[in-house]
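For reference, the structure is listed below as structure tokens.
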Amino acid sequence: MHDVKATDIRALETKAYQQSGYFDVDQAREHGVSRQLLSHHVRQGRFERVRRGLYRVRGFPSSQHDEMREKWMAVGRDKAVLSHESALALLDLSDNVPDEVHLLVPRRYRGLRRPSGVVIHTRPDDEKVSTVWRDGLPLTAPARTLVDVVGELQPEQAAMAVEQALSRGLLTTRQLEHEAARRRKTRVIETLLPDKAHQ
């Protein structure tokens, strides 16, 4: 019986290593680790409690996106994806480091308790959101991200972000136009693709 728990702990640690050392109580439970056993390992120094329901393997090296990962996991891995300025930064399309972590959730979760430093954006419950992964984090695809942030950026910054995304092959002009049309934000194209607007 003791071997089973040790194997479960190791499997949990393996999962955590894939997430920069982090895991949540649901993942612990999936690996057969009760709250009591989790508390024991926190007291023994194997894990550290980051916030309610979120833990980290003690001594795991920190990474550049730890704050985003912590806040995404605190809101819910199955509920949220990084979006807006946070997604723009993860896509490396902006030099600005956002002051807050931006997350996109279905509307049915709009009342959830959000950690400080988190901005919650909502989408229709039935909307399929195209996502990409960067550093083990889910975020809105480049076209959606650019349409989301255009109102928050200076026109030159937005145009530069689009130019970088196009030149790096992260998206096509057609994908950007499609996303703007789908979201009924066709005027966004004038800012994001100024040359296209004058044709």
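Per-structure values
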| read-out | value |
| --- | --- |
| Between the range 11-42 and the range 57-126, the alpha-carbon center distance in angstrom | 21 |
| Options 83, 72, 33, ranked by Cα towards positive dipole end of the range 1-142, top entry (Cβ charges) | 33 |
| Average Cα contact separation per residue, the chain, under 8 Å, 6 or more apart, as relative contact order % | 13 |
| Percent antiparallel among DSSP beta bridges (both partners in the chain, rounded to 5) | 65 |
| Exposure proxy ranking, count of Cβ atoms within 10 Å, fewest first, for 57, 188 | 57, 188 |
| 95, 8 arranged by Cβ crowding within 10 Å, fewest neighbours leading | 95, 8 |
| Rounded FRET efficiency, nearest 0.05, which uses the C-beta distance separating residue 113 from residue 190 and R0 of 35 Å | 0.35 |
| Relative packing of peptides 134-145, 118-129 - highest average C-beta neighbours within 10 Å first | 134-145, 118-129 |
| Linear extension gain, residue 164 paired with residue 52, 0.36 nm per residue minus alpha-carbon span | 36.5 nm |
| Relative contact order (%) - the range 22-113, alpha-carbon pairs under 8 angstrom, separation at least six | 21 |
| Relative contact order (%) - criterion: Cα under 8 Å, at least six apart; region: the range 1-73 | 31 |
| Charge tally in the Cβ shell below 11 Å around residue 80, where Lys, Arg are +1 and Asp, Glu are -1, residue 80 excluded | +4 |
| Dipole moment magnitude, nearest 20 debye, the range 74-197 about Cα centre, only Lys, Arg, Asp, Glu C-beta charged | 720 |
| Mean Cβ neighbour count within 10 Å, used as a protection proxy, ranking 47-56, 99-108 highest first | 99-108, 47-56 |
| Lys pairs, the range 1-130 - Cα-Cα below 23 angstrom, 8 or more residues apart or on other chains | 6 |
| Least to most buried among 60, 23 (fewest other Cβ within 10 Å first) | 60, 23 |
| Residue-count net charge about residue 136 - beta-carbon cut-off 12 Å; Lys, Arg +1, Asp, Glu -1 | +2 |
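Where a number appears in this text, it was derived from the coordinates with a stated rule and is not lab data. Here the structure is a predicted model, which means the values were calculated and not measured. Cβ sites come from the backbone with ideal geometry, for glycine too, and all protein chains shown count toward neighbours.
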